[in-house]
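See structure below.
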Amino acid sequence: MKDNKIVQLALVLFAVCAVVAGVLGVVYNITKPTIDRRAMEKTTAAFAAVLQADSYEEVKISGYSLDQSINSVYKDADGSGYVVESTFSGAQGNITMVVGVKSDYTCSGISITEHSETSGLGAVAASPSEAGVAFREQFIGVGEGVTVKDIDALAGATITSTAVTNAVSTSITTVKTIEGGAAA
Amino acid sequence: MRIQDQFRDGLITNNPITVQQIGMCATMAITTSLFNGVGMGLSVLIILTCCNVVVSAVRKIIPNEIRLAIFVVIIAGFVTIVDLLLKAYIPALSESLGVFIPLIVVNCIIIGRAEAFSQKNDVKASFFDGVFQGLGYTMILVIMCVIRELLGSGRFGGGLIDVAKGFRFTLDGTGGGIQIFPSDFGASILTLPFGGFLTLGVVIATMQYFLKKSAKQKKAAEEAAAEAARLAAEQEED
Amino acid sequence: MLTNILSIALGAILIDNFIFSQFLGCCPFLGCSNKVDTATGMGIAVVFVMGLASAICWVVDTYVLVPLGLEFLETLAFILVIAALVQFVEMFLKKSVPSLYAALGIYLPLITTNCAVLGVVLLNVQNHYNFIESVVYGITGGLGFMLAIVLFASVRERIDFADYPDCFEGFPIALVSAGLLALAFMGFSGMKIF
């Protein structure tokens, strides 16, 4: 009798889970194309902002000994440069950004895709405001080994500025490593 | 229970945040811009109403022993639906609320209302309970957002209102809001975690102040009435 | 590898403390912090469950949900795993370690609705942590929670003797003191292991 009761309860719970999972499956399939399209648009927009190209192809990075902060590397199909995505820790959390690297190993632009920096201080680095644009534009043309002393750091946000500068320098190093590997 | 009573309960006398004091995590974490506050509030309102209705509709057929497990499954289902819809149609909101959308599953408001209200009441009452409790939650979120955003960065309606190209509402999170005073003069500490704790503390304290005051007045009025009745009775005896 | 794990640990305990910077687990943080003893009990229980939940949910996610393409069921699956796990731990402790059960028993059911636990497993997925990183993040996140709640309980025991306005009675004064602690924890931001 008692066993019967437990089996019955388990069946009810299982049925409820099955119904909910079924409904979610339907909603997921309806929303999936839109979600994928949005993600795609966002990545392409971020890439286009740092390095103009018609199409980008992902470079396999598992074979190289790279900095752990590097997430992925994309190569411009025309060979004009690379786009490197990396995550560095900022003042309040992780900063994810893409850095464009031209074939002469200089930075062609940066774009911060994700961050949780203090609004009004570190967050300026990612904001579309005048100060934010000016901060990001000063990285255009810099080379490997750039330090925070070489740029105008954001007032009150030394940690954020350092993180962004490190990301730029590390991204260029990464591209050098990958190019070196390809040549060898 | 009358609808007016439910309305007052949800918004003031039994407000989920300031009186029941549940569901605080998200309240403090995401109230940095009006966009977040309204978005989170409405998401909770929708999920709460749906869950209340479903729980109340199936309340007689689910076995009592596993009702909590079933509630949790139902709640997780609705939360995931809202999460997917937001990701697809309002991605900016989904990004800025991040992990706090799936975390609505363990927001005590929803399971609390299922357990305390909708499993005992009919569908109609549960529906209104969901709407009004959700409104009460949204109201406190909006109050906190307005305070933190205005004093912290001198803005109103960040993310929601775009004044750069004429006054309009946006849902893509790009609106800069209305700058009331330059952000350099703001106390940006209010936008930090500390500001979340402090603002919620002050909001609840204010609410308690007025609730206590009105309780005191009510009591004083009752005492005065009792006193008058006693005097009247004495006079009649004379 | 080691630096990576150390920086996850440092981040979870101090820099991105679950309570003071991510606001995860505030309900038990405010509800169970009247006495240092209760706070310690709650803290240990949370460390335990967060570590276990991180491990099990990682396995469920990597070997069941992702191969089947059912990532959208993550929230649902994780909350069921956590609820079952808590129930199981409770039964296990009751039978085999009664002394520990006597100490932790009453806190265990509360943990199911602790958003720090669901939060940590969701963040593990979001941050693409591997098995070891997930477990480390779970345990150290729990330790961060414990540190916060024990510190806060000792502050709260002294609040009773303080003179504050009537309307701040109860939660408001607790929130304001928690805010001051959060301010202190902000001092850790930007700390790094090189």
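Using a Gaussian network model of chain C whose springs link C-alpha atoms within less than 10 Å, name the residue from C:LEU147, C:LEU30, C:LEU80 with the highest mean-square fluctuation.
Its mean-square fluctuation being the largest, the pick is C:LEU80.
List A:SER111, B:SER33 from most exposed to least, where exposure is judged by having the fewest other Cβ atoms within 10 Å.
With the fewest neighbours first, A:SER111, B:SER33 line up as A:SER111, B:SER33.
Considering only A:LEU121, A:GLY132, A:SER72, whose Cα is most displaced toward the positive end of the charge dipole of segment A:51-180, charges sitting on Cβ of Lys, Arg (+1) and Asp, Glu (-1)?
A:LEU121
Listing A:CYS17, C:CYS57 from the residue with the fewest other Cβ atoms within 10 Å to the one with the most, what is the order?
Result, fewest neighbours first: A:CYS17, C:CYS57.
Hey, what do the phi angles of segment B:219-230 turn into as Karplus ³J(HN,Hα) couplings, whole Hz, using 6.51/-1.76/1.60 and θ = phi - 60°, x for Gly and Pro?
Values, residue by residue: 5, 4, 5, 4, 5, 4, 5, 5, 4, 4, 5, 5 Hz.
Using alpha-carbon positions, what is the distance between the centroids of segment C:75-147 and segment B:1-47, in Å?
That distance is 27 Å.
Toward the positive end of the charge dipole of chain B, about the Cα centre and with charges on Cβ (Lys, Arg +1; Asp, Glu -1), which of B:ALA220, B:GLY41, B:ILE204 goes farthest?
B:GLY41
Ordered by residue, what ³J(HN,Hα) values in Hz, to whole numbers, does segment B:93-105 give under the Karplus form 6.51 cos²θ - 1.76 cosθ + 1.60, where θ = phi - 60° and Gly and Pro are x?
Computed from phi, the couplings for segment B:93-105 are 5, 4, 5, 7, 8, x, 6, 6, 6, x, 6, 4, 3 Hz.
Neighbour counts of other C-beta atoms within 10 Å: give me A:SER89, A:SER116 arranged from fewest to most.
Neighbour counts put them in this order, fewest first: A:SER116, A:SER89.
Report, to the nearest 10°, how far helix B:123-153 tilts away from the longest principal axis of the Cα atoms in chain B, using its own Cα long axis and a range of 0 to 90°.
Result, in degrees: 60.
With runs of 4+ DSSP H residues as the only contributors, calculate the mean residue ellipticity of the protein assembly as shown at 222 nm using -39,500 (n - 2.57) per run, divided by the residue total and rounded to the nearest 500.
One gets -20000 deg cm²/dmol as the mean residue ellipticity at 222 nm.
What do you get for Rg/Rh of segment A:33-179 when both radii come from the Cα atoms and Rh is the Kirkwood radius?
That ratio equals 0.95.
Among C:ALA182, B:PHE117, A:ASN29, whose Cα projects farthest towards the positive end of the dipole of the protein assembly as shown, with charges put on the beta-carbon of Lys, Arg (+1) and Asp, Glu (-1)?
B:PHE117
With Kirkwood's inverse mean 1/r over C-alpha pairs for Rh, give me the Rg to Rh ratio of the protein assembly as shown, two decimals please.
Looking at the protein assembly as shown, the ratio lands at 1.01.
Would you grab the residues whose amide H sits under 5 Å from the one on A:LYS75? Only those 5+ places off in sequence or on another chain, please, with H modelled 1.01 Å from N.
Correct list: A:GLU57, A:GLU58, A:VAL59, A:VAL83.
Just to confirm my numbers, what's the Cα centroid distance between segment A:93-166 and segment C:14-36 in Å?
Taking the Cα centre of segment C:14-36 as reference, the centre of segment A:93-166 is 33 Å away.
Answer rounded, prolate or oblate for chain B, using the Cα gyration tensor with square roots of eigenvalues a ≥ b ≥ c: rounded when a/c is under 1.5, else prolate when a/b is larger than b/c, else oblate.
oblate
I need the chymotrypsin sites (Phe, Trp or Tyr not before Pro) found in segment A:85-184, filtered to DSSP loop residues with at most 16 other beta carbons within 10 Å of theirs.
Loop-located and lightly packed - A:TYR105.
Hey, how many Å between the Cα centroid of segment B:77-116 and the Cα centroid of segment B:196-228?
Centre-to-centre distance over Cα atoms comes out at 33 Å.
Please give the residues of segment B:119-134, grouped as numeric ranges, whose backbone N is less than 20 Å from a label point set 7 Å along the Cα-to-Cβ vector of B:ILE61.
Once the point is set 7 Å along Cα→Cβ of B:ILE61, B:119-127 turn out to lie under 20 Å by backbone N, inside segment B:119-134.
Measure nothing fancy, just the Cα-based angle from helix C:171-185's long axis to the longest principal axis of chain C, in degrees from 0 to 90, nearest 10.
So the inclination is approximately 70 degrees.
Using a 10 Å cut-off around each Cβ of peptide C:114-126, what is the average number of partner chain Cβ atoms that fall inside?
4
Output needed: Cys residues of the protein assembly as shown lacking any neighbouring Cys C-beta below 4.7 Å, sorted by number.
A:CYS17, A:CYS107, B:CYS50, B:CYS51, B:CYS108, B:CYS145, C:CYS27, C:CYS32, C:CYS57, C:CYS115, C:CYS167, each lacking another Cys Cβ under 4.7 Å.
Suppose a student asked you for the relative contact order of chain B, using Cα pairs under 8 Å spaced at least 6 residues apart; what percent would you report?
27 percent.
Which far-off residues, 5 or more places away or on another chain, put their amide H under 5 Å from the one on B:ARG155, with H placed in the peptide plane?
Amide H neighbours of B:ARG155: B:LEU150, B:ILE180.
Sequence-distant or interchain residues sharing an amide H contact under 5 Å with B:ILE161, placed H: which?
Under 5 Å from the amide H of B:ILE161: B:THR170, B:GLY177.
Placing +1 at every Lys and Arg Cβ and -1 at every Asp and Glu Cβ, with all other atoms neutral, what dipole size does the protein assembly as shown have around its Cα centre, in debye to the nearest 20?
1040 debye
Report the relative contact order of chain A, percent, no decimals, based on alpha-carbon pairs under 8 angstrom and at least 6 residues apart.
Value for chain A: 17 percent.
When the dipole is taken about the Cα centre of chain C, and only Lys, Arg (+1) and Asp, Glu (-1) are charged at their Cβ, what size is it in debye, to the nearest 20?
Its charge dipole is roughly 360 debye.
Quote the charge dipole size of segment A:51-180 about the Cα centre in Debye, to the nearest 20; the model charges only the Cβ of Lys and Arg (+1) and of Asp and Glu (-1).
260 debye
Counting only pairs 8 or more residues apart or on different chains, how many lysine pairs in chain A have their Cα atoms under 17 Å apart?
Value for chain A: 6.
With a point put 7 Å past each Cα toward its Cβ, work out how far C:ALA103 is from B:ALA228 in nm, to one decimal.
Output for this residue pair reads 6.2 nm.
Looking at segment B:152-238, which chymotrypsin sites (Phe, Trp or Tyr not before Pro) are in a loop (DSSP not H, G, I, E or B) and have at most 13 other Cβ atoms within 10 Å?
Sites meeting the loop and neighbour criteria: B:PHE167.
Name the shape class, rounded, prolate or oblate, that the alpha-carbon gyration tensor gives for segment C:1-158, where a ≥ b ≥ c are the square roots of its eigenvalues, rounded holds for a/c under 1.5, and otherwise prolate holds if a/b is larger than b/c and oblate otherwise.
Judged from the Cα gyration tensor, segment C:1-158 comes out oblate (a/c at least 1.5, b/c at or above a/b).
Values in this text are rule-based calculations from the coordinates and carry no lab data. Owing to the predicted nature of the structure, the values given are computational and were not obtained by experimental measurement. Virtual Cβ from ideal backbone geometry, glycine too; neighbours counted across all protein chains shown.
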